[in-house]
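A short worksheet on the structure shown next.
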Amino acid sequence: MNIANKLTILRIVLVPFFILCFYLAFLDEPLVVAGFETTYANAVALLIFSAAAATDWLDGYLARKLDLISDFGKFMDPLADKMLTTAAFLVFINQGLVASWVVFIILTREFIVSGLRMTAASKGVVIAAGWSGKFKTVLQFIAIIVLLADPRLTVVNQVLIYAMTVATVYSGGEYVLQNLKVLR
């Protein structure tokens with residue numbers, strides 16, 4: 001197993017620790033940092049999420065730079081991203097920060113793309129992440145980081161939520177249109 005794939009696995013391992021932050025009562029205390037009101041849970045979760053998001057960039061960089069691109073990485077990297085973002089969005093629904101219909105759209109896109117990838121894999125074809133999917137993921141990561149740093153429904157937070165939703169719909173449509181041949 002190469003270093004890029006190990007970083008992908010690390011991202012998956014960090015997901016339960018991210019979720020755990022919101023279930024530990026001692027972390028549910030208020031915290032004010034640089035004028036932002038948050039909780040210790042959000043601050044610790046922000047550190048964990050940021051570290052996990054950094055592994056997404058680093059594993060991709062190393063895979064390309066060191067020629068470590070593998071089918072395992074092509075499959076597991078997007079799955080690790082989905083696990084991490086889904087965990088955050090479910091927490092945000094629980095906190096009243098993101099509407100369930102937004103998360104429904106995000107999850108529907110992920111199920112469709114994953115189904116398309118599984119169908120392709122059954123035919124010996126690997127569908128790697130495209131640029132619109134990568135942009136969608138980066139936008140989701142930014143929105144999650146901003147919401148963890150400042151868990152209020154500010155104008156900036158709402159714009160990020162809607163922008164990532166539009167990017168999600170666009171990238172899902174693009175994946176389907178570019179890979180219709182796999183469904184035949």
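Below are the figures for this structure:
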read-out	value
Computed accessible area, residue 122, all protein chains, 1.4 angstrom probe, square angstrom	90
Residues of region 137-184: accessible area per residue with a 1.4 Å probe, Å²	52
Among (i) 52, 35, 25; (ii) 181, 47, 27; (iii) 46, 43, 32, the entry that matches Cα extents along the principal axes in Å as calculated here	(i)
Whether region 67-119 is rounded, prolate or oblate, judged on the alpha carbon gyration tensor where a/c under 1.5 counts as rounded	oblate
Among the listed pairs 82/134; 6/181; 6/74; 6/134; 6/123, those beyond 22 Å (Cα-Cα)	6/181; 6/123
Calculated FRET efficiency for the pair residue 181/residue 54, C-beta based, R₀ 41 Å, to 0.05	0.70
Net dipole in debye of region 1-148 [+1 Lys, Arg Cβ; -1 Asp, Glu Cβ; about Cα centre; nearest 20]	580
Protein accessible area in region 45-133, 1.4 Å probe - carbon and sulfur %	71
Relative contact order of region 17-97, pairs being alpha-carbon contacts under 8 Å that are 6 or more residues apart, as %	27
Probe 1.4 Å - accessible area at residue 70, Å² to nearest ten	30
Cα gyration tensor shape for region 25-109, rounded if a/c is under 1.5, else prolate or oblate	oblate
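The values are calculated or read from the model by the stated rules, or taken from the named source; none is laboratory data. None of these values were measured; they are calculated from a predicted model. Quick reminder, even Gly has a Cβ in these numbers, built from the backbone with ideal geometry, and neighbours come from all protein chains shown. Ligands, DNA and RNA are stripped out before the accessible areas are found, and what is left, the full protein with its side chains, is counted by its heavy atoms. Shrake-Rupley method; radii C 1.70, N 1.55, O 1.52, S 1.80 Å.
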